[in-house]
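The values are calculated or read from the model by the stated rules, or taken from the named source; none is laboratory data. Computed from a prediction, not measured in an experiment: that's the story for all the values here. Ideal geometry is used to build each Cβ from the backbone, glycine not excepted, and the neighbour counts take in all protein chains shown.
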Amino acid sequence: MEIVSVSLDKTTLDELNKTQEQLGFKSRSKLIRATINSLLNEYKVFEELKGHCDAVFTITHNQHEGSELSRVMKQFEGVIRTEIHQHHAGTCLRVLIACGDAEMLHRLFSLLKKSKGVRSVKCSML
């Protein structure tokens, strides 16, 4: 197995250690490998899809950092059919229903994942 070094700030490291303990992973390395595998599997789903698809995106982001996310959503207004937006304690929850070409939905997913202030993005394909 190859060794990869990663720099984390103290807050993130504390959260990682807490999560490791809560989930019962024997080491941080095992937790990080599981997390990376989960991310890779998310992207593999898109690679296998072709043609027209429907998707539901569930996004959480910091309430005051939604401008980049809004720009991404504007780029994809032709495929985003429905948006539900909820505020709670400084965090926003958005649910998007999108319909379009699989490659377009894959691009949307990738840009959502990279948007500043986004905490999480989950996607269910129909």
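Given the residues E21, E15, which is the only one that is in a helix (DSSP H, G or I), outside the structural domain of K113 (by TED's automatic domain parsing) and more than 27 Å from S124 (Cα to Cα)? None of the other options fit; the residue is E21. Against the test of being closer than 18 Å to G117 by Cα and of a type in the set (G, A, S), the options S67, S7, S29 yield a single qualifying residue, S67. No other residue among R119, R81, R94 is buried (at least 16 other Cβ atoms within 10 Å of the Cβ) and among the charged types (D, E, K, R) apart from R94. Scanning the stretch 36-72 for residues being over 30 Å from V4 (Cα atoms), assigned to a strand (DSSP E or B), touching a helix residue (DSSP H, G or I) at 6+ places or on another chain (Cβ under 7 Å) and not aliphatic (A, V, I, L, M) gives a total of 2. Looking at the stretch 73-92, is at least one residue in a helix (DSSP H, G or I) and either of a type outside the set (A, V, I, L, M) or more than 17 Å from S120 (Cα to Cα) (or both)? Yes: one or more hits. Considering each residue of the stretch 53-60 in turn, at least one proves to be of a type in the set (S, T, Y), surrounded by 14 or more Cβ atoms within 10 Å (Cβ to Cβ) and closer than 22 Å to T19 by Cα. In the stretch 70-78, the condition of being at pLDDT 95 or above, surrounded by 14 or more Cβ atoms within 10 Å (Cβ to Cβ) and among the β-branched types (V, I, T) is met by no residue.
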